[in-house]
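Written below as structure tokens is the structure these notes are about.
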Amino acid sequence: MAQHVKFGLDTFGDVTHDQDGAPLSHAQVIRNVVEEITLADQVGVDAFGVGEHHRDDFAVSSPDMVLAAAASRTERIILGTAVTVLSSDDPIRVYERFATLDALSNGRAEVTLGRGSFTESFPLFGFDLADYEVLFEEKLDLFARLRSEEPIAWQGTTRAPLPLTQVFPKTEAGSLAAWVGVGGSPESVVRAARHRIPMMLAIIGGAPARFAPYADLYRRALDEFGSTPLPIGAHSPGHVAATDALAREQLYPHFKANRDRIGRERGWGPVTREQFEAEADSGALFVGSPETVAKKIATTVETLGLERFDLKYSNGTMPHGQLMDSIGLYGTEVLPRVRALIG
């Protein structure tokens, strides 16, 4: 099993603070993300995902541009997204951009497609939130057809009909690696299976084991659709430091500030220290020493039957230096322990 499971890192390009608590510029954050990807490649991390956002607390609105820069500085790491908001983008342009990235990286590109839990891109690009469901359904259907890299025709309600055509460039492998990000609804699970695209579970709250029914549903749905088995992955937030106590102390103020800001927008109450500790003890937070984080990852991989686990190591305003330390420990100390535990 250990030979087949891959382990990644994800960032949303959060606007971080310097050691004096002052926010960095968006430009510096983007340069730092490229440096973080480079380090992840050097310490043996299998994959790296960069999220897409269109708001002031996240610096990255064009992940493929950041990943292209990282492709020239890395050798082996898979370069992907976490996620690409397909609903407010064009599936053909997404395929073209990531096929180009695949060429630049010698076959290391992948894309994770999602509806987006943040909705700023919809009015920004002229889409109606009332069409939230149909936009994703139709665009995912078109993207899934594009993956054949054969001539296709398509018709729906969200764009003009597509006459028989081909999309370029073609990938050398014959298809672009892709995942569908799923937040936890049965309908989303079945949709990913119907389109025969691997599923990435976003586990951002509660015990990871509660997602086991979704993993089981995905496997059953694939079987009913006549598909061969496909990978299941999971993405969760966390932070690694030398000790459990240090990791929690470093993470908590940034985690709280980030969640509280989003909470004010969405009607959540402020995060308490007790809630944070509960998520760290038995919930979705993978925070602690290398040994602690490794044990929790191994348990999650085995419980859900995962072929991929990604740690979202970026946490609000946490300084770049602490993020680099976390990446280094994840690659050199956490992953060897996980592979030993699941092997």
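Which of the residues belonging to the range 219-252 are open to solvent by less than 70 Å² (accessible area, probe 1.4 Å), in a helix (DSSP H, G or I) and of a type outside the set (Gly, Ala, Ser)?
Of everything in the range 219-252, those that are open to solvent by less than 70 Å² (accessible area, probe 1.4 Å), in a helix (DSSP H, G or I) and of a type outside the set (Gly, Ala, Ser) turn out to be LEU222, ASP244, ARG248, GLN250, LEU251, TYR252.
From the residues in the range 10-50 that are assigned to a strand (DSSP E or B) and open to solvent by 30 Å² or more (accessible area, probe 1.4 Å), which one is farthest from GLU75 (Cα to Cα)? First the steps, then the outcome.
As a first pass, look at the range 10-50 and keep what is assigned to a strand (DSSP E or B): 10-11, 14, 17, 23, 47-50.
Subsequent filtering for residues that are open to solvent by 30 Å² or more (accessible area, probe 1.4 Å) retains 17, 23.
Details: HIS17: 29, PRO23: 31 Å.
Residue satisfying both the conditions and the ranking: PRO23.
How about the range 154-174: which of its residues are open to solvent by less than 70 Å² (accessible area, probe 1.4 Å), over 19 Å from ARG194 (Cα atoms) and touching a residue at least 12 places away in the same chain (Cβ under 8 Å)? So that I can check it myself, show each step before the final result.
We begin by selecting, within the range 154-174, every residue open to solvent by less than 70 Å² (accessible area, probe 1.4 Å); these are 154, 156, 158, 160, 162, 165, 167, 169, 171, 174.
Right, trim to over 19 Å from ARG194 (Cα atoms) and you get 158, 160, 162, 165, 167, 169, 171, 174.
Within the range 154-174, THR158, LEU162, THR165, VAL167, PRO169, THR171, GLY174 meet the criteria.
Mind counting the residues in the range 113-128 that are assigned to a helix (DSSP H, G or I) and either touching a Ser or Thr at 6+ places or on another chain (Cβ under 6 Å) or surrounded by 21 or more Cβ atoms within 10 Å (Cβ to Cβ) (or both)? Please lay out each step first, then the result.
Keep residues of the range 113-128 that are assigned to a helix (DSSP H, G or I), which gives 121-124.
Now narrow it down to the ones that are either touching a Ser or Thr at 6+ places or on another chain (Cβ under 6 Å) or surrounded by 21 or more Cβ atoms within 10 Å (Cβ to Cβ) (or both): 121-122.
So the count comes out to 2.
Could you grab me the full set of residues in the range 56-76 that are touching a residue at least 24 places away in the same chain (Cβ under 8 Å) and among the hydroxyl-bearing types (Ser, Thr, Tyr)?
Residues satisfying the conditions are SER72, THR74.
If the requirement is being closer than 22 Å to ALA82 by Cβ and either touching a helix residue (DSSP H, G or I) at 6+ places or on another chain (Cβ under 8 Å) or among the acidic types (Asp, Glu) (or both), which of these qualifies: ALA257, ALA284?
Numbers: ALA257 fails: either touching a helix residue (DSSP H, G or I) at 6+ places or on another chain (Cβ under 8 Å) or among the acidic types (Asp, Glu) (or both).
Of the residues listed, the single one that is closer than 22 Å to ALA82 by Cβ and either touching a helix residue (DSSP H, G or I) at 6+ places or on another chain (Cβ under 8 Å) or among the acidic types (Asp, Glu) (or both) is ALA284.
Give the residues of the range 285-307 that are in contact with a Lys or Arg (Cβ under 8 Å, 6 or more places away or on another chain), buried (at least 23 other Cβ atoms within 10 Å of the Cβ) and on the phi < 0 side of the Ramachandran plot, sorted by residue number.
PHE286, VAL287, ALA294
Go through the range 90-131 and give me each residue that's farther than 30 Å from SER72 by Cβ, more than 20 Å from the chain's Cα centre (by Cα) and touching a residue at least 40 places away in the same chain (Cβ under 8 Å).
Listed by number, the list holds a single entry, PHE127.
Show the residue pairs meeting these rules: Cβ distance below 6 Å; 6+ apart or different chains; first residue within the range 280-293 and closer than 18 Å to GLY331 by Cα; second residue open to solvent by 10 Å² or more (accessible area, probe 1.4 Å) and polar (S, T, N, Q).
Close Cβ pairs (under 6 Å, with a partner that is open to solvent by 10 Å² or more (accessible area, probe 1.4 Å) and polar (S, T, N, Q)) amount to SER289/THR243.
The values are calculated or read from the model by the stated rules, or taken from the named source; none is laboratory data. On a predicted model such as this, the values are computed, not experimentally measured, just so you know. Positions of Cβ are generated from backbone atoms using ideal geometry, with glycine treated the same way; all protein chains shown enter the neighbour counts. We work out accessible area using only protein heavy atoms, side chains counted, and drop any ligands, DNA or RNA first. Shrake-Rupley method; radii C 1.70, N 1.55, O 1.52, S 1.80 Å.
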